[in-house]
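Just below is one structure, and these are the notes that go with it.
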Amino acid sequence: MPLVSFILPTHNRADVLGFAIESVLAQSVADFELLIVGDGCNDETERVVHDFADSRITWMPFAKGPNLGYAHRNVAFQRATGEFIAF
C-alpha cells in the first residue's frame, strides 16, 4: 500500500485532539504520516501531540492565521509526501 498523508488542522482543541490522533493510529494502514497543523494554538495542543511520541506524527505550529488557517493547511499539503492525502 502506498504512503498515505493525513492532514489534521486544529486550533486549541487539546481536549479532543488525542481522540483524533488515536483514530488515525488505529487505521489498518500502517504506512502513513500525520501532519498536525496548529493554527495559533496556545493551549496544551503541542503537549498532546508530543505525548504520542510516534515518528509518523509531525507537529506543524503556526501563528494564528487569517481565514481559518487555510494558508497553513496549504503548507501541509505541499509538505505531504504520500501518494494519497486524507484531510
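Scanning the range 18-64 for residues that are over 13 Å from the mean Cα position of the chain (by Cα) and either buried (at least 16 other Cβ atoms within 10 Å of the Cβ) or of a type in the set (D, E) (or both) turns up D31, D43, E44, D51.
Would a scan of the range 9-16 turn up a residue that is surrounded by 19 or more Cβ atoms within 10 Å (Cβ to Cβ), of a type outside the set (G, A, S), under 9 Å from the mean Cα position of the chain (by Cα) and not in a helix (DSSP H, G or I)? The answer is yes, given that some residue of the range 9-16 is surrounded by 19 or more Cβ atoms within 10 Å (Cβ to Cβ), of a type outside the set (G, A, S), under 9 Å from the mean Cα position of the chain (by Cα) and not in a helix (DSSP H, G or I). Looking at V49, V16, V29, V4, just one residue is among the β-branched types (V, I, T) and without any contact (Cβ under 8 Å) to a residue 24 or more places away in the chain, and that residue is V16. Looking across the range 52-87, just one residue is β-branched (V, I, T) and in a helix (DSSP H, G or I), and that is V75. Filtering the range 17-42 to residues that are within 25 Å of L68 (Cα to Cα) and in a strand (DSSP E or B) leaves E33, L34, L35, I36, V37, G38, D39. Scanning the range 2-48 for residues that are of a type in the set (D, E), in contact with a strand residue (DSSP E or B) (Cβ under 8 Å, 6 or more places away or on another chain) and closer than 16 Å to A63 by Cβ turns up D39, E46. What do you reckon, is V49 part of a helix (DSSP H, G or I), at pLDDT 95 or above and touching a Gly at 6+ places or on another chain (Cβ under 9 Å)? Criteria met by V49. Screening I85 against (1) open to solvent by less than 90 Å² (accessible area, probe 1.4 Å); (2) modelled with pLDDT under 95; (3) under 11 Å from the mean Cα position of the chain (by Cα) leaves a single unmet condition, (3).
The values are calculated or read from the model by the stated rules, or taken from the named source; none is laboratory data. Predicted model only: the values in this text are computed from it and were never measured. We place every Cβ from the backbone using ideal geometry, glycine too, and count neighbours over all the protein chains shown. We work out accessible area using only protein heavy atoms, side chains counted, and drop any ligands, DNA or RNA first. Shrake-Rupley method; radii C 1.70, N 1.55, O 1.52, S 1.80 Å.
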